[in-house]
Amino acid sequence: MLSTFIAEVKRVAEIVCGITTQCVQLQNVLKLSPKTLSNICLKLNTKLGGINAVTEKDAKFDKRYLFC
């Protein structure tokens, strides 16, 4: 039942009102772990159209690499 409520809140906020949402479990916020809070901020920044990382425009590598 809670998941139905959350889905409806997200639907109304994002589709009807145009407000970006991010669900976060209370236990994760209350931990106040710098890593957890940083990850939440990075996720929100991306959703809001921000840029979390950039590469050098003329970055050159001596060998070919595959990043996964």
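Just so you know, all these numbers are worked out from the coordinates, no wet-lab data involved. If you're wondering where the values come from, they're calculated on a predicted model, not measured in any experiment. Heads up, the Cβs are rebuilt from the backbone with ideal geometry, glycines too, and the neighbour counts pull from every protein chain shown.
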Under Karplus coefficients 6.51, -1.76 and 1.60, residue-wise ³J(HN,Hα) of region 28-33 in Hz, glycine/proline x: 6, 6, 5, 4, 6, 6
Angle between the Cα long axis of helix 2-11 and the longest principal axis of the chain, 0 to 90 degrees, nearest 10? 70
Exposed-loop cut sites defined as trypsin sites (Lys or Arg not before Pro) in DSSP loop states with at most 11 other Cβ within 10 angstrom; longest site-free run of the chain spans 1-56
Once both axes come from the Cα atoms, what is the angle between helix 34-47 and the longest principal axis of the chain, in degrees from 0 to 90, rounded to 10? 90
Hull volume in cubic angstrom per residue (convex hull over the Cα atoms of region 1-58): 100
Spin-label point model (7 Å from Cα, Cβ direction): what's the Leu42 to Cys17 distance in nm? 2.8
